[in-house]
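Here's the structure we're looking at; comments come further down.
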Amino acid sequence: MSKIQRLYFVALIPPEPVKSEVWQMKEEVKSKYGPKAALKSPAHITLHMPFTFRVDREDQIINCLTAAVRNTTPIEINHNGFGCFDPRVIYINVEKTAPLDELKKKVVKQMRLDLKLQNADYKNLPFHPHMTIAFRDLKKPLFQEVWPEYEQRAYQASWECASVCLLKHTGKDWAVLEEIAF
């Protein structure tokens, strides 16, 4: 029995054209300013931050997520402009709605119960849904240059979310392992 572990996380991934629009913004940040870490994952809204789990037990994660989203109805996701977590992260705003918040809570609770995972939130901060376009490798001085370009920039989009995705780290980037429909 293999005990190899990998990193996983749970997210909502937008359909086209939003998926490509967000990807283009990540590419724009890289080409104009250099930061490229955001290009290691598709456009997404994180519901459960990265965690390690045994590869030979991936089916347990999938079963857990299936149980978590059972009886969930599609959710409207709305984007309006940009935001930041000063001094390193620039993101596309995601409207925090009761259905989105409830979905996050259901996923986190089910993963805690079924998989004994405790690290659902970054530094125990409250859920702040967003789609990152620049982060970890956006150095503090460069952030001061990049943020003003996005601070007043317009971007609006809406899409219907009817699934959650389990992503797995490949060793160099993140790929969707499984999409679980509501």
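The values are calculated or read from the model by the stated rules, or taken from the named source; none is laboratory data. What you see is a predicted model, and the numbers here were worked out from it, not measured in a lab. Positions of Cβ are generated from backbone atoms using ideal geometry, with glycine treated the same way; all protein chains shown enter the neighbour counts. The area values use the complete protein model at the heavy-atom level, side chains included, leaving out ligands, DNA and RNA. Shrake-Rupley method; radii C 1.70, N 1.55, O 1.52, S 1.80 Å.
If you go through the stretch 21-65 and keep only what is assigned to a helix (DSSP H, G or I), touching a Lys or Arg at 6+ places or on another chain (Cβ under 6 Å) and either among the aromatic types (Phe, Trp, Tyr) or within 17 Å of ASN93 (Cα to Cα) (or both), you end up with just ALA38. Of all the residues in the stretch 124-162, those that are free of Cβ contacts under 8 Å to residues at least 60 places away in the same chain and either under 24 Å from GLU16 (Cβ atoms) or not charged (D, E, K, R) (or both) number 10. Pairs meeting the criteria (first residue in the stretch 89-116 and over 22 Å from TYR155 (Cβ atoms), second residue open to solvent by 10 Å² or more (accessible area, probe 1.4 Å) and at pLDDT 95 or above, beta carbons under 6 Å, at least 6 apart or on different chains) are GLN110/ALA67. Against the criterion of being surrounded by fewer than 14 Cβ atoms within 10 Å (Cβ to Cβ), at pLDDT 95 or above and out of contact with any strand residue (DSSP E or B) (no Cβ under 6 Å at 6 or more places or on another chain), GLU102 qualifies. In this entry, ASN78 passes the filter for residues that are open to solvent by less than 50 Å² (accessible area, probe 1.4 Å), at negative phi, of a type in the set (S, T, N, Q) and not in a loop (DSSP other than H, G, I, E, B). Of all residues in the stretch 116-141, those satisfying the criterion of being at pLDDT below 95 and aliphatic (A, V, I, L, M) are LEU117, ALA120, LEU125, LEU138. Among residues of the stretch 61-88 that are without any contact (Cβ under 8 Å) to a residue 24 or more places away in the chain and under 15 Å from GLU179 (Cβ atoms), none has a beta-carbon under 8 Å from a residue that is open to solvent by less than 80 Å² (accessible area, probe 1.4 Å) and of a type outside the set (Asp, Glu) at least six positions away or on a different chain.
Of all residues in the stretch 134-152, those that are of a type in the set (Lys, Arg), out of contact with any helix residue (DSSP H, G or I) (no Cβ under 9 Å at 6 or more places or on another chain) and surrounded by 12 or more Cβ atoms within 10 Å (Cβ to Cβ) total 1.
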